[in-house]
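Remarks on the structure that follows.
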Amino acid sequence: MISERLKILANYVNKNDIVGDIGTDHGFIPIYLIENNKINKMIASDLNEGPLDNAKKELSLKGFLNKVDLRIGSGLVPYTPGEINTAIIAGMGGNLIRTILIDGKEHIKYLNKLILQPMHGVEELRRWILNNGFRIIDEDLLFENNIFYEIIVAEKGETQKYDELNLEFGFNMLNKNPEISKSFLDMKIQKIERIVEDIESHGSSMSQLRKEQFKDRIKQYYEVRKCL
Ligand SMILES: C[S@@+](CC[C@H](N)C(=O)[O-])C[C@H]1O[C@@H](n2cnc3c(N)ncnc32)[C@H](O)[C@@H]1O
């Protein structure tokens, strides 16, 4: 059964989007999109043969093999520039997603929508999005299988002003579900508190400055949490 995470990602696709699912693995996103009449045809790609075989099996079970063009290769390499206008890239590190977008620069001018779900390295991915002609138009934070997942949807558009907190928490992500957001912030606070404790017991005088910076960050997180 398709996960809530993949469903949320897929539901950002609109009827007229021409979609590529990069790193499709089992092909669950294409299957969901076709089953739910969101689109009729799309491309799905993966770097590795094993996942593509999985996708082939799943698509064939559903009778959808003729609706999904499966391709092998890294990132946007298996696509011809301009043949998709919407890229879904999910379940990979933020740095890898950013590299895929940077390496795909001849594709970027044709991409109107990015539906992304980085596993980590989210700040630098948001920075890249906001500095490369996209606006963040929607976001989600969900907690599934004991993991927090951040989803970012960006579209081509006017420059969006941002600060460091936007890079970390987006623009509207935390307001959608305050209870999940509070747990997300608590998890981040606990992580930093552990670092501070570690510095207090083992740190050099050099790391004292770092400790003060971490403590400021904790205060900031509490401020954000208070507003939820
Ligand atoms: C953890 S799975 C995520 C699958 C699915 N997108 C999801 O969100 O559930 C990551 C997939 O990305 C593929 N992958 C890794 N690096 C890639 C790259 N540079 N280009 C395309 N696919 C890649 C892997 O082979 C794997 O199938």
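Only the coordinates and a few stated rules stand behind these numbers; no lab work does. Bear in mind the structure is a predicted one, so any value in this text is a computation, not a measurement. When we count neighbours, we look across all protein chains shown, and the Cβ atoms used for this are built from the backbone with ideal geometry, even at glycine.
Orientation-averaged projection of the chain equals 14.0 nm² [convex hull of Cα atoms, one quarter of hull surface area].
Couplings 3J(HN,Hα) of the stretch 23-32, computed from phi: x, 6, 6, 7, x, 5, 5, x, 4, 4 Hz, in residue order, whole Hz [Karplus 6.51 cos²θ - 1.76 cosθ + 1.60, θ = phi - 60°; x for Gly and Pro].
Relative to the longest principal axis of the Cα atoms of the chain, the long axis of helix 94-103 lies at roughly 50 degrees. Using only Cα coordinates, the Kirkwood hydrodynamic radius of the stretch 22-137 works out to 14.6 Å.
Computed on the Cα trace of the stretch 101-189, the radius of gyration divided by the Kirkwood hydrodynamic radius gives Rg/Rh = 0.98. The string of couplings for the stretch 181-194 from the Karplus curve (6.51, -1.76, 1.60, θ = phi - 60°) is 5, 5, 5, 4, 5, 4, 4, 5, 4, 4, 4, 6, 4, 5 Hz, one whole number per residue in order, with x for Gly and Pro.
A run of the chain free of exposed loop cleavage sites, with GluC sites (Glu not before Pro) counted only in DSSP states other than H, G, I, E and B and at most 16 other beta carbons within 10 Å, reaches its longest extent at 1-82. The calculated P(r) of the stretch 145-228, using every Cα pair and 5 Å bins from 0, goes 3, 12, 20, 20, 16, 13, 10, 5, 2, 1 in percent. Expressed as a fraction of 2.2 N^0.38 Å, the C-alpha radius of gyration for the stretch 180-226 is 1.21. Among the trypsin sites (Lys or Arg not before Pro) in the stretch 2-33, those placed in a DSSP loop whose Cβ has at most 16 other Cβ atoms within 10 Å are Lys15. Of the candidates Leu114, Leu174, Leu61, which one comes out as most mobile in a Gaussian network treatment of the chain with C-alpha springs shorter than 10 Å? Highest fluctuation of the listed residues: Leu61. Rounded to the nearest whole Hz, the Karplus-based 3J(HN,Hα) values (6.51 cos²θ - 1.76 cosθ + 1.60, θ = phi - 60°) of the stretch 144-149 follow the sequence 9, 6, 6, 10, 8, 10, with x at glycine and proline.
Counting neighbouring Cβ atoms within 10 Å and putting the fewest first, the residues His202, His26 line up as His202, His26.
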